[in-house]
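Q: The structure is given below, and queries will be raised subsequently.
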Amino acid sequence: MRVEVFGDVLCPWFYIGKRRIEAAASQVTAAGRVQIVWRSYELDPGAGRILGPTPAEAMSTWWGVKAPERIAQIQTEGRLEGLELNLHAARPVS
């Protein structure tokens, strides 16, 4: 089975999902049964080359007072997948 996965590499949920898809594919016992093809796309192709806000700053704009709770959820889910997501320091650029 060929599985094509499209995702924005700047999105923390992409990396969480990537780990989960890889784990699920590894459970297939027949060799070569799952072929994963990773494809990228940009959620904001017009963002330019200037440093944007950190993901945490952007999420605060989107989610307001709920941002800290949602950021904590993303970081917790990331840790469950072996990822350390520092949303307060990363700087997205195109």
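Every read-out reported here was derived from the displayed coordinates using simple, explicitly stated rules and does not represent laboratory data. Because the structure is predicted, anything quoted here is derived from the model rather than measured. Methodologically, a virtual Cβ is constructed for each residue, glycine included, from the backbone with ideal geometry; neighbour enumeration extends over all protein chains shown.
Q: Counting only Cα, what are the radius of gyration and maximum Cα-Cα distance Dmax of the chain, in Å?
A: According to the Cα coordinates of the chain, Rg and Dmax are 15.5, 48 Å.
Q: Same structure again: Where in the chain are there trypsin sites (Lys or Arg not before Pro) that are in a DSSP coil and have at most 11 other Cβ atoms within 10 angstrom of their Cβ?
A: Here the sparse-neighbourhood loop sites are Arg33, Arg49.
Q: Normalising by the residue count of the chain, find the relative contact order in percent from Cα pairs under 8 Å and 6+ residues apart. Spell out each step's value before the answer.
A: Details: 97 pairs, mean separation 34.1, N = 94.
With pairs under 8 Å counted, the relative contact order is 36 percent.
Q: Please list, in chain and number order, the residues 5+ apart from Ile36 or on another chain whose amide H is under 5 Å from its amide H, with Hs placed from the backbone.
A: Answer set, sorted by chain and number: Val3.
Q: For every other residue with a beta carbon closer than 14 angstrom to the beta carbon of Glu4, add +1 if it is Lys or Arg and -1 if Asp or Glu, then tell me the sum. Before the final figure, lay out each step's value.
A: On the way: positive: Arg2, Lys18, Arg39; negative: none.
Counting the neighbours of Glu4, the net charge comes to +3.
Q: Which cross-chain or sequence-distant (5 or more) residues have an amide H under 5 Å from the amide H of Gly7, H modelled 1.01 Å from N in plane?
A: Amide H neighbours of Gly7: Arg39, Ser40, Tyr41.
Q: Net charge near Pro92, counting Lys/Arg +1 and Asp/Glu -1 over other residues with Cβ under 12 Å of its Cβ?
A: That sum, taken over residues with Cβ under 12 Å, equals -2.
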